[in-house]
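Please read the structure below before turning to the comments.
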Amino acid sequence: MSKELRRFGASAMALSVLAVVGCDVQQSAASSSLLRASAAAWKYPAASCPCVYVANSLAPSITAFVAGTHGALTPLKTVSGSSTGLNNPTAVAVDAAGNVYAANAFGRSGTITVYAAASNGNATPARTIAGPDTKLDLPAGIAVDGAGKLYVSNSEGGPDGRGSVAVYATGADGNAAPIRSIEGAKTGLDEPGGLALDAIGNLYVPNQAGNVAVFAPGANGNVAPVRTIGGSNTGLSVPYQVTLDVQANLYVANYGNAVTVYAAGAKGNVAPTRTIAGSQTKLDGADGIAVDASGNIHVADYRSNAVVVFAAGSNGDVSPARTIKGPDTKLSGPEGIAIR
């Protein structure tokens, strides 16, 4: 049974994408002092980004925290409110200019909302992709390439109803048709979750059925993956979010409460090089995943309303290095996660 059906209905989906860029945030003297005091209390610097961006599906919002902070802290920024267009946001991505992209999955369609880098509060999107020509159908993952093209995984839709990946032109807005679509029986897509791009444009798509499909740069139409990770040795259990580190190792958030890691180029029924799982990990609905420049692993944990962070190289039943959790964090059904 798929993750979203076991949780709260077919409209609940997730995503996360790895990225790194600065935050453009204007603060009052009072808020700056408060932030510095808070950071000092947690013994982490109060400077600007990189930041950890989280898509919260239950209380629709995008929250941003300074990377390295932890505890029950107030977000640096929160995009929420009636003007934002957020509706069950399940994925978040940030481009090189700091613009924030959210995938909203609701009904039998969905939207993509895009916010300017400095957005905070009840911000109106700079762009919204929505309408029948978009082919959006419960979007679950989102990524942006270096040219600004937007990649979206849809957990349903396509000619066989098993899902698709749609690619939109740079600056796409309104009822924009995809410039490319990966869909059809040969793709092996089966309720795809989040997605990720590597440095040369290979596209990694986890399928909730229990595998990760990798498509070649520029893939289009009813095409087979160039490789697939799947089988009893992989440890995959409702894989929903993927990301890569700078060595192109693949990290998978399994909603079955585990993080599995695979060597660059892995394919077939291959065992993970590392598995983070067990009672000490505090994982309870691992949903989104991102890895920072130092290799620290950030997991959006849906049921515990937390961001759980593991040290680089973590393996086995290990305790988190730090956790962002508590009512002041405004985390509520966190799904997508990105670092920029």
About its Cα centre, how strong a charge dipole does region 289-340 have in debye, to the nearest 20, once Lys and Arg get +1 and Asp and Glu get -1 at the Cβ? 120
Cα-centred dipole magnitude for region 3-339, charges only on beta-carbon of K, R (+1) and D, E (-1), debye, nearest 20: 380
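How much length is gained on full extension from A97 to D317, taking 0.36 nm per residue of separation minus their Cα-Cα distance?
Roughly 75.4 nm would be gained on extension.
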Once the dipole of the chain is set up from charges on Cβ (+1 Lys and Arg, -1 Asp and Glu), the residue from the list C49, V94, G268 lying farthest towards its positive end is C49
Using a cut-off of 13 Å between beta-carbons, work out the net charge of the residues near V291 (Lys and Arg +1, Asp and Glu -1, V291 not included). -1
Whole number please: convex hull volume per residue, Cα atoms of the chain, in Å³. 113
Out of N104, L197, Q241, whose Cα points farthest toward the positive end of the dipole of region 3-339 (charges: +1 Lys, Arg; -1 Asp, Glu; placed on Cβ)? Q241
Per residue of region 121-126, in order, report the coupling 6.51 cos²θ - 1.76 cosθ + 1.60 (Karplus, θ = phi - 60°) as ³J(HN,Hα) in whole Hz, putting x for Gly and Pro. x, 7, 8, 7, x, 6
For every helix of n ≥ 4 consecutive DSSP H residues, a contribution of -39,500 (n - 2.57) applies; sum these over the chain, divide by its total residues, and give [θ] at 222 nm rounded to the nearest 500 deg cm²/dmol. -1500 deg cm²/dmol
Quick one: of K149/K325; K135/K325; K149/K267; K282/K330; K77/K282, which pairs are farther than 30 Å apart, Cα to Cα? K149/K325; K135/K325
Given 0.36 nm per residue, what is the gain on full extension from N269 to A199 after removing their alpha carbon distance, in nm? 22.8 nm
How many nm is it between the label spots at R227 and N122, if each spot is 7 Å from the Cα in line with the beta carbon? 5.0
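Where a number appears in this text, it was derived from the coordinates with a stated rule and is not lab data. Quick caveat: nothing in here was measured; it's all calculated off a predicted structure. No Cβ is skipped: glycine too gets one built from the backbone with ideal geometry, and neighbour counts run over all protein chains shown.
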